[in-house]
Amino acid sequence: MENTNIDWSNLGFNYSKTDKRYVATCKNGKWEKGKLIEDETITLNESAGVFQYAQTCFEGLKAYTAKNGKVVVFRPDLNAKRMADTCKRLCIPELPKEMFLDAVEQVVKANASYVPPFGTSASLYLRPFIIGSSPVIGVQACEEYHFRLFALPVGSYFKGGLAPIKIMVSDFDRAAPNGTGDIKAGLNYAMSLYASKLAKAQGYAENMFLDAKTRTYVEEAGGANFIFVTKDKKIVTPKSDSILPSITRRSLLVVAKEILGYEVEERKIRLDEVENFAECGLCGTAAVISPVGLIHTKEKDIIFNGDETVVGPVIKELYKTLVGIQLGEIDPPADDWVREIV
Ligand SMILES: *Cc1c(COP(=O)(O)O)cnc(C)c1O
């Protein structure tokens, strides 16, 4: 089954074409039955809503080989729910959860030879998205939509093992209060590109964004949520209506509390208290957790663990436990966390 032409250990995070993708159309508010196709291109009218007013949203999840050899996906029901929530906010007819899960299953099965073997830390990345596909010129929602789910093999995020990153507090804002920060809309990323470019030019891997209203509280990074560990080993994560609800972060909180026995708390976190934390990490599907070694602020550099190159013990334990659950080496807190596909 395995695709012998792929060097699993040298994969990056770049687009490559696999065999099949799932497509479905929504007309008159109804999602029609989808199907697998081979064509990786899309032909659209020049005035399609996605081109004119950015009516588009996406999700991201991974399929990989568990220890027992089964191909599995981590909590795809939560991606389905989040995509439906995003649709609602963007005036896109909600994609039914069953259809999302069926697309995941069909695409993984049809591209099974691209799922990296167990032990490579590589995975088959799944990218579901929806675009407004019918023409609009006055500002309004489209009448037709295109849903597509494609897959591509991607490499391990940490090639040389878990390594801390340096980040900086951005002068830009990611999301407005009562805006779209809590949904997975493409538009949230278009406006983060410039801030990201500036951070990278200064040697930082990511931005820390603050709340747009007061610029006092920690929100999140461009594409990952924060998790902090206090000196007395409590797990704390920012609470805000403009943060994207990361499935990785929500899972880590359950794991921390129910499996590892840590106290966990979701609350507003001021930037000026961050220096009191012992450890910091960024969570998202791509890396599970990226340990943060240093945060550059206008006033000072905050260094965690007394050494910006050291991965904190609690962050490391959380990372190992969640990855262990994903790979079927540790029992999950609930049976439906790891969904078997093939
Ligand atoms: C996707 C995303 C995350 C991470 O969410 P996961 O479900 O853990 O992958 C965090 N922040 C933003 C802004 C995102 O778009």
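Bear in mind that the values in this text are calculations on the coordinates, not laboratory data. Given the structure is predicted, the values throughout are model-derived calculations rather than measurements. Here the Cβ positions follow ideal geometry from the backbone for every residue, glycine too, while neighbour counts run over all protein chains shown.
Couple of notes before you dig in:
- Segment 149-285: C-alpha gyration tensor shape, a/c 1.5 cut-off, then a/b vs b/c: rounded
- Relative contact order (%) - the chain, alpha-carbon pairs under 8 angstrom, separation at least six: 19
- The value of relative contact order for segment 165-326, using C-alpha pairs under 8 Å at least six residues apart, is 23 percent.
- Less than 5 angstrom separates the built amide H of residue 62 from those of 74, 126, all sequence-distant by 5 or more or on a different chain.
- Coupling constants for segment 236-251 follow from the phi torsions by the Karplus curve (6.51 cos²θ - 1.76 cosθ + 1.60, θ = phi - 60°), and in residue order they are 10, 9, x, 10, 6, 6, 9, 9, 6, x, 5, 5, 5, 4, 4, 5 Hz; glycine and proline get x.
- Computed from the C-beta positions of residue 43 and residue 89 and an R0 of 30 Å, the FRET efficiency is 0.65 to the nearest 0.05.
- Given +1 at the Cβ of Lys and Arg, -1 at the Cβ of Asp and Glu and no other charges, the dipole of segment 233-340 around its Cα centre is 220 debye to the nearest 20.
- Highest-fluctuation residue, 248, 230, 43 considered, GNM on the chain with Cα pairs under 10 Å: 43
- Filtered chymotrypsin sites (Phe, Trp or Tyr not before Pro), segment 1-80: DSSP coil and at most 15 other beta carbons within 10 Å: 13, 15
- Computed about the Cα centre, the dipole magnitude for segment 232-296 is approximately 200 debye when only Lys and Arg (+1) and Asp and Glu (-1) carry charge, each at its Cβ.
- The trypsin sites (Lys or Arg not before Pro) of segment 150-229 that DSSP puts in a loop, and whose beta carbon has at most 16 other beta carbons within 10 Å, are 159, 213, 215.
- Efficiency of FRET between residue 214 and residue 70 - r from beta-carbon atoms, R0 45 angstrom, step 0.05: 0.40
- Options 292, 3, 139, ranked by Cα towards positive dipole end of the chain, top entry (Cβ charges): 139
- Farthest toward the positive end of the dipole of the chain, out of 245, 99, 113, is the Cα of 99, where the dipole comes from beta carbon charges about the Cα centre.
- Among 60, 155, 12, residue whose mean-square fluctuation peaks in a GNM of the chain (springs only between Cα atoms under 10 Å): 12
- The helix-only estimate of mean residue ellipticity at 222 nm for the chain, built from DSSP H runs of length n ≥ 4 each weighted as -39500 (n - 2.57), is -6000 deg cm²/dmol after division by the residue total.
- Pairs spanning more than 24 Å between alpha-carbon atoms, out of 62/268; 30/81; 27/97; 30/184: 62/268.
- From the Kirkwood radius over Cα pairs of the chain, Stokes-Einstein at 37 °C and 0.692 mPa s returns a whole-number translational diffusion coefficient of 157 µm²/s.
- Each part gets one Cα centre, and for segment 59-103 versus segment 123-157 those centres are 13 Å apart.
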